[in-house]
Amino acid sequence: MEDKHGRRISVVINTYNASAHLQRVIESVKDFDEILVCDMESTDDTVDIARRSGCRVVTFAKNGCDIVEPARQFAIDSASYDHVLVVDADELVPAALRKYLYAALAADSCPDGIAVPRRNYFMGRFMHSAYPDYVLRFFDRRVTVWPPVIHTSPQVDGTVERIPAARRDLAFEHLANDSVGTIIRKADTYSTHELPRRRHKNYGCCAIIYRPAFRFFKSYVLKKGFLDGMPGLIHACLDAIYQFVIVAKLTEEKGKENSK
C-alpha cells in the first residue's frame with residue numbers, strides 16, 4: 001500500500017543464521033510494500049525461508065564479522081523505497097504499528113525518523129526494566145546514515161519523534177528471550193566491539209565499581225526491575241556485569257600500552 005502522496009515503505013531485515021524466528025517476522029510485515037532480506041552468508045535455511053516467503057534477497061559478505069552493523073547501510077541502500085523500516089530477525093511488527101507508520105507518512109508533517117518502543121523478555125517474562133527500549137528504526141533514508149559501529153543508532157539529519165511509551169500496542173515484540181549463557185557470551189563479544197568508541201573516555205580506577213553499580217541501580221530501581229521478581233534481579237546483575245567487562249577490558253588494554 002502507499003500513502004496519499006504515493007510514498008511507500010520498504011521493510012529491511014538483516015540476517016545471519018536467523019531461521020529460528022524469521023518466518024514469524026516475515027509474516028508480521030507481509031502487508032508492507034517491500035520486504036528486503038539482507039543476508040550475511042547464512043549457513044542455515046534463512047535464505048530459503050526468505051525466498052519462499054516472497055522476499056527480495058541481497059547478500060552482504062560477512063568477511064569474518066560477527067556483528068550486523070556493517071551491513072545496515074548496504075541493506076538500506078538496497079531497498080526500493082526511500083522510507084525504510086528496519087526490523088531485526090527476531091522482532092515482530094504489530095499491525096497497529098504498520099497502520100501508525102502509514103498514517104504518519106500520509107501526514108504533511110511526517111517526521112524524518114520515528115523511534116519505536118520495544119518489548120523485551122527474559123526468562124519468559126516481560127521486563128519492565130527493559131522497556132520502552134527505544135530503537136530508531138523508521139526513517140527517510142535520504143537524510144539518514146547508519147554508522148558501522150555496534151550499538152549505534154542511525155543518524156537522521158532532520159526531525160525525529162518517539163512513539164509514546166504508553167502505546168505498548170505499537171511496540172516491537174522482541175522474541176530473543178536469551179538465556180543467561182547467551183547473554184554472557186554476547187557480553188564478551190559486544191564489549192570487545194564497544195572498545196573503539198570508548199577509548200577516548202578516561203575511566204579511572206573507581207569506574208570499575210561505580211559504572212556497574214549505577215547500571216544495576218538504574219535497571220533494578222529506576223527502571224523498576226524489582227517488579228520482575230528474580231528474573232528482574234538477575235537481569236540487573238547481567239546489565240552490571242556488561243559494564244564491568246567493558247571497563248575491565250579498557251583497563252587491560254591501557255595497561256598493555258603502558259608496558260610497551
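The values are calculated or read from the model by the stated rules, or taken from the named source; none is laboratory data. Given the structure is predicted, the values throughout are model-derived calculations rather than measurements. Because the Cβ atoms are built from the backbone with ideal geometry, glycine has one as well, and the counts that use them run over all protein chains shown. For accessibility, only protein heavy atoms count, side chains too; no ligands or nucleic acids. Shrake-Rupley method; radii C 1.70, N 1.55, O 1.52, S 1.80 Å.
What does the net charge come to around Pro164 if you take all other residues with beta carbon closer than 15 Å to its beta carbon, with K and R at +1 and D and E at -1?
Numbers: positive: Arg118, Arg119, Arg162, Arg167, Arg168; negative: Asp133, Glu161, Asp169.
It works out to a net charge of +2.
What does the charge count around Ala89 come to, taking other residues whose C-beta lies under 12 Å from its C-beta (Lys +1, Arg +1, Asp -1, Glu -1)? Intermediate values should be presented prior to the final figure.
Working: positive: Arg24; negative: Asp39, Asp44, Asp88, Asp90, Glu91.
Net charge in that neighbourhood comes out at -4.
What is the distance in Å between the Cα centroid of the range 2-59 and that of the range 61-135?
13
Considering only Cα-Cα distances, which of the following residue pairs are longer than 24 Å: Lys99/Lys186; Lys223/Lys254; Lys223/Lys249; Lys186/Lys218; Lys30/Lys224; Lys30/Lys186?
Lys99/Lys186; Lys223/Lys254; Lys223/Lys249; Lys30/Lys224; Lys30/Lys186
Which residue, Ile26, Ser109, Ala213, has the largest displacement toward the positive end of the dipole of the chain when charges sit on each Cβ (Lys, Arg +1; Asp, Glu -1)?
It is Ala213.
Using only C-alpha positions, report the orientation-averaged shadow area of the convex hull of the chain, nm², one decimal. Could you put the intermediate results ahead of the total?
Values: hull surface 60.6 nm².
That works out to 15.2 nm², a quarter of the Cα hull's surface.
Given the options Ser78, Ser191, Ser109, state which has the largest fluctuation in a GNM of the chain using a 10 Å cut-off (strictly under) for Cα springs.
Maximum among the listed residues: Ser109.
Using the crude model of +1 on Lys and Arg Cβ and -1 on Asp and Glu Cβ, and no other charge, please compute the dipole size for the chain relative to its Cα centre, in debye to 20. Could the numbers behind the result be given before it?
Details: 36 positive and 34 negative charges, 184 e Å.
That gives a dipole near 880 debye.
As a test, work out the antiparallel percent of DSSP beta bridges whose residues both lie in the chain, rounded to the nearest 5. Each step should come with its number before you reach the end.
Working: 13 of 34 bridges.
Roughly 40 percent of the DSSP beta bridges within the chain come out antiparallel.
Would you pull out the residues with amide H under 5 Å of Ser42's amide H, same chain only if 5 or more places away, H placed 1.01 Å from N?
The answer is Asn17.
Given all pairs of different Cα atoms, what value in angstroms does the Kirkwood hydrodynamic radius of the range 65-151 take? Provide the component values of the computation, followed by the final result.
On the way: mean 1/r = 0.0686 Å⁻¹.
It works out to 14.6 Å.
Expected output is a single nm value to one decimal: the length gained when fully extending between Leu233 and Asn202, i.e. 0.36 nm times separation in residues minus the C-alpha distance. What is it? Write out the running numbers ahead of the final one.
Details: separation 31, 0.36 × 31 = 11.16 nm, distance 2.96 nm.
In short, 8.2 nm is gained.
At 1.4 Å probe size, with the rest of the protein present, what percent of the exposed accessible area of the chain is carbon and sulfur atoms? Don't skip to the answer; put the middle values down first.
Working: 6960 of 12950 Å².
Using a 1.4 Å probe with all protein chains present, the chain comes out at 54 percent carbon and sulfur.
Could you give me D for the range 1-156, from Stokes-Einstein at 10 °C and 1.306 mPa s, where the hydrodynamic radius is the Kirkwood radius over C-alpha pairs? Units µm² s⁻¹, please. Intermediate results must be reported in sequence, preceding the final value.
Working: Rh = 16.1 Å.
Translational D for this selection: 99 µm²/s.
Within a Cβ distance under 13 Å of Gln243, other residues only, what is the Lys/Arg minus Asp/Glu net charge? Each step should come with its number before you reach the end.
Numbers: positive: Arg198, Lys201, Arg211, Arg215, Lys218, Lys249; negative: Glu194, Asp239.
Result for the neighbourhood of Gln243: +4.
For Phe60, what accessible area in Å² do you get when you roll a 1.4 Å probe over the heavy atoms of the protein chains, rounding to the nearest 10?
Here the residue's solvent-accessible area equals roughly 50 Å².
Measuring with a 1.4 Å probe in the full set of protein chains, what accessible area per residue, in whole Å², belongs to the chain?
Numbers: 12950 Å² over 260 residues.
Value for the chain: 50 Å² per residue.
Okay, helix-only estimate at 222 nm for the chain: each DSSP H run of n ≥ 4 adds -39500 (n - 2.57), divide by all residues, round to 500 deg cm²/dmol; what do you get?
-12500 deg cm²/dmol
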